[in-house]
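One structure is given below, encoded as structure tokens.
Every number in this text was worked out from the coordinates using simple rules, so none of it is lab data. All of these numbers come straight from a predicted model, not from anything done at the bench. Cβ placement follows ideal geometry from the backbone for every residue including glycine, while neighbour counts extend to all protein chains displayed.
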Amino acid sequence: MSGIPLGHRRHWIFDMDGTLTVAMHDFDAIRADLGLPAGLPILESLQALPPEVERAKRAQLDRLEEDLAHTAKVAPGAHDCLATLQRHGSRLGILTRNSQRNVEVTLEACGLAAFFAEADRVTRDDGPPKPDPGGIEWLLERWGATPSEAVMVGDYEFDLLSGRAAGCATVHVDPSGAFPWPELSDREVRSLAELVPELSRQVDS
């Protein structure tokens with residue numbers, strides 16, 4: 001392992017799709033289904049539409065995502081990582097650009113729902129989406145924590161940008177090992193399983 005030590009940090013915030021779950025979203029196909037411009041972030045493209053068009057397309061997006069949520073698979077090492085942090089007494093939260101409903105369905109499908117209190121799941125329904133750091137800041141205020149006590153974990157640039165902006169440590173999960181944003185990452189891992197030995201030593205010490 002490389003990067004800064006993480007075992008002493010007690011407040012962990014996770015992206016969901018592609019981090020806690022196996023990545024399966026075809027965003028190009030979703031953009032095409034919604035009639036949105038290729039290569040641009042979906043939520044930002046929706047926000048640029050007239051309000052009545054945006055509402056209809058958001059409802060369509062919710063349906064597309066919920067269909068996928070029912071088939072979600074837990075990512076390698078995710079359950080062990082969360083269980084280790086939970087034994088350690090860490091606070092666990094989710095920050096996702098997904099909807100609250102789809103978070104519920106996904107976590108149930110993956111068997112991870114018990115790790116996250118409903119109030120600690122921050123979604124696009126709750127405020128500006130990542131890379132805005134507001135969701136992290138809200139969780140830290142709720143927990144009475146400082147950024148130096150927290151970690152943001154994700155598989156995409158927006159996750160890392162939000163963590164950086166909030167002043168947290170950042171962990172980039174990239175199964176490919178490409179790690180295209182090293183300047184935004186304090187730790188780079190191919191799966192959450194790579195964190196478990198370090199975290200276990202902290203729990204058992």
(request) Could you work out how far apart the two model spin labels at Arg55 and Asp126 are, taking each label as a point 7 Å from the Cα in the direction of the beta carbon, and quote it in nm? (result) 2.5
(request) Please list the non-local residues whose amide H lies under 5 Å from the amide H of Thr21, H modeled 1.01 Å from N, same-chain partners needing a gap of 5 or more. (result) Ala75
(message) With +1 assigned to the C-beta of every Lys and Arg and -1 to the C-beta of every Asp and Glu, and no other charges, what is the dipole magnitude of region 64-109 about the Cα centre in debye, to the nearest 20?
(response) 260
(message) Just to confirm my numbers, what's the Cα centroid distance between region 10-68 and region 164-205 in Å?
(response) 25
(request) List every residue whose amide H lies under 5 Å from the amide H of Val122, counting only residues 5 or more places away in sequence or on a different chain, with H placed 1.01 Å from N in the peptide plane. (result) Ile94, Leu95, Thr96
(message) Can you give me the long-range amide H partners of Thr170? Hydrogens built in the peptide plane at 1.01 Å from N, cutoff under 5 Å, separation of 5 or more residues or another chain.
(response) Met152, Asp186, Arg187
(message) So, R0 is 35 Å and r is the distance between the beta-carbons of Gln100 and Ser191; what FRET efficiency does that work out to, to 0.05?
(response) 0.85
(request) List Asp67, Asp174, Asp62, Asp159 from most exposed to least, where exposure is judged by having the fewest other Cβ atoms within 10 Å. (result) Asp67, Asp62, Asp174, Asp159
(request) Whole number please: convex hull volume per residue, Cα atoms of region 27-69, in Å³. (result) 61
(message) Quick check: from the Cα gyration tensor, does region 59-205 come out rounded (a/c under 1.5), prolate or oblate?
(response) rounded
(message) If each residue of separation counts as 0.36 nm, what is the full-extension length gain between Met24 and Glu66 once their alpha-carbon separation is subtracted?
(response) 13.9 nm
(message) What's the magnitude of the charge dipole for the chain around its Cα centre, counting Lys and Arg as +1 and Asp and Glu as -1 at the beta-carbon? Answer in Debye, nearest 20.
(response) 360
(message) Contact order normalised by length for region 67-197, with contacts defined as Cα pairs under 8 Å and 6 or more residues apart; what percent is it?
(response) 24
(message) Averaging over every viewing direction, what projected area does the convex hull of the Cα atoms of region 104-167 cover, in nm²?
(response) 4.5
(request) May I ask which residue of Leu140, Gly163, Asn102 lies farthest towards the positive end of the charge dipole of the chain, with charges of +1 (Lys, Arg) and -1 (Asp, Glu) on Cβ and the Cα centre as origin? (result) Leu140
(request) Can you put Lys57, Lys130 in order of Cβ neighbours within 10 angstrom, beginning with the fewest? (result) Lys57, Lys130
